[in-house]
Amino acid sequence: MIVYEREHDFVLTAQHEHGLAAGEMASHWKTELLADAAHRDELIIAAREHDRGWIELDAAPFWNDYSQTPYSFRDFPLRPRFVFYRKGIEEVREKNLYAGLLCSMMYTELFQNNLGVNEHDDEDIREYLNIEREQQLSWEQQLGDREALKQRLKSDVEIMLFCDQLSLFLCMEEPGTPAARYDFFADGLGCTFDACSRQPIRAEWLSNEKVGISFVPFDEDFTVSMPYKSVPKASIRKFGMLQAYRRAEWKERRVLITGMS
């Protein structure tokens with residue numbers, strides 16, 4: 001779950017909904033910036049489905065007694081999270097082997113960067129990385145032509161990470177929040193490309209319904225939609241987290257993605 005807090009409520013966006021938005025972004029990627037345009041559909045599947053392992057978890061949000069907030073992807077315990085990651089990756093692999101490999105590689109890239117952040121998590125992360133990398137090697141061998149494959153995988157994982165981060169930018173904070181106030185994106189999105197000389201790509205809210213980016217890898221301006229729920233704190237106190245979430249109405253956030261003028 002992606003969560004941020006307001007005075008009287010929590011705003012919750014399901015991970016898979018954010019993933020669907022990332023897939024929409026990937027579908028607009030400029031053809032000339034793809035390593036192999038013939039595999040665009042597989043990239044879109046991977047970007048769209050990369051967080052499907054969260055579907056069951058997010059259907060029944062958990063309450064964090066320590067922080068007195070709903071659990072989010074930032075603090076959800078790793079061991080059960082890894083179980084559901086593997087489940088989601090396997091579901092994608094059953095649809096398309098290359099897309100499943102991309103999802104697996106995206107997660108290992110993210111968690112490799114998390115080693116050392118919290119020493120209590122390192123053992124769990126290393127175990128997860130070892131299992132996934134062994135699986136990745138097997139899948140790469142099935143796909144063949146490993147040298148060309150590795151170049152395509154590297155490029156496509158970078159695209160997935162960019163779409164993931166930009167999609168997170170849309171729902172991690174209230175629309176209109178300056179990028180400087182984001183924990184993750186104050187210095188720009190973390191993934192960049194040769195096409196922009198590996199310079200950080202900045203994202204900013206231009207209005208409450210429009211986000212501009214400093215380098216545009218997309219073929220046109222487009223709008224993404226994400227359902228979310230605003231769950232009142234009073235409702236959580238009265239009914240508990242699960243029932244409060246189920247009672248809350250669905251809303252929709254629509255955001256135009258464009259370049260910075």
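The values are calculated or read from the model by the stated rules, or taken from the named source; none is laboratory data. Just so you know, these numbers come straight off a predicted model, no measurement behind them. Counting neighbours? That spans all protein chains shown, and the Cβs are built from the backbone with ideal geometry, glycine included. The protein model used for the area step is the full one, side chains on, heavy atoms only, and it has no ligands, DNA or RNA in it. Shrake-Rupley method; radii C 1.70, N 1.55, O 1.52, S 1.80 Å.
Tabulated values for the structure
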| read-out | value |
| --- | --- |
| Members of the stretch 60-90 that are over 17 Å from the mean Cα position of the chain (by Cα) and closer than 25 Å to E24 by Cβ | P61, E90 |
| Meets criteria (under 30 Å from E252 (Cα atoms) and either assigned to a helix (DSSP H, G or I) or open to solvent by less than 70 Å² (accessible area, probe 1.4 Å) (or both)) for I89 | yes |
| Pair list, Cβ under 9 Å, 6 or more apart: the stretch 187-207 residue part of a strand (DSSP E or B), other residue of a type in the set (S, T, N, Q) and open to solvent by 70 Å² or more (accessible area, probe 1.4 Å) | L206/S261 |
| Residue within the stretch 27-34 that is open to solvent by less than 50 Å² (accessible area, probe 1.4 Å), free of Cβ contacts under 8 Å to residues at least 40 places away in the same chain, farther than 19 Å from A248 by Cα and polar (S, T, N, Q) present | yes |
| Residue match in the stretch 50-64 (condition: touching a residue at least 12 places away in the same chain (Cβ under 8 Å), open to solvent by 70 Å² or more (accessible area, probe 1.4 Å), basic (K, R) and within 30 Å of V216 (Cα to Cα)) | no |
| Scope the stretch 112-126; condition under 13 Å from R79 (Cα atoms) and either of a type in the set (F, W, Y) or free of Cβ contacts under 8 Å to residues at least 24 places away in the same chain (or both); matching residues | H120, D122, E123, R126 |
| Single condition D194 does not satisfy, out of (1) more than 19 Å from the chain's Cα centre (by Cα); (2) modelled with pLDDT of 95 or more; (3) open to solvent by 40 Å² or more (accessible area, probe 1.4 Å) | (2) |
| Unmet requirement for F184, which otherwise passes all of (1) touching a Phe, Trp or Tyr at 6+ places or on another chain (Cβ under 6 Å); (2) of a type in the set (A, V, I, L, M, F, W, C); (3) open to solvent by 80 Å² or more (accessible area, probe 1.4 Å) | (1) |
| The listed residue being acidic (D, E), surrounded by fewer than 13 Cβ atoms within 10 Å (Cβ to Cβ) and part of a helix (DSSP H, G or I), out of E119, E94 | E94 |
| Residue among L129, L170 that alone is aliphatic (A, V, I, L, M), closer than 27 Å to E94 by Cβ, in a helix (DSSP H, G or I) and at pLDDT 90 or above | L129 |
| K229 vs. criteria open to solvent by less than 80 Å² (accessible area, probe 1.4 Å) and within 19 Å of the chain's Cα centre (by Cα) | yes |
| Output for the stretch 132-155, where each listed residue is open to solvent by less than 100 Å² (accessible area, probe 1.4 Å), of a type in the set (S, T, N, Q) and within 14 Å of D36 (Cα to Cα) | S155 |
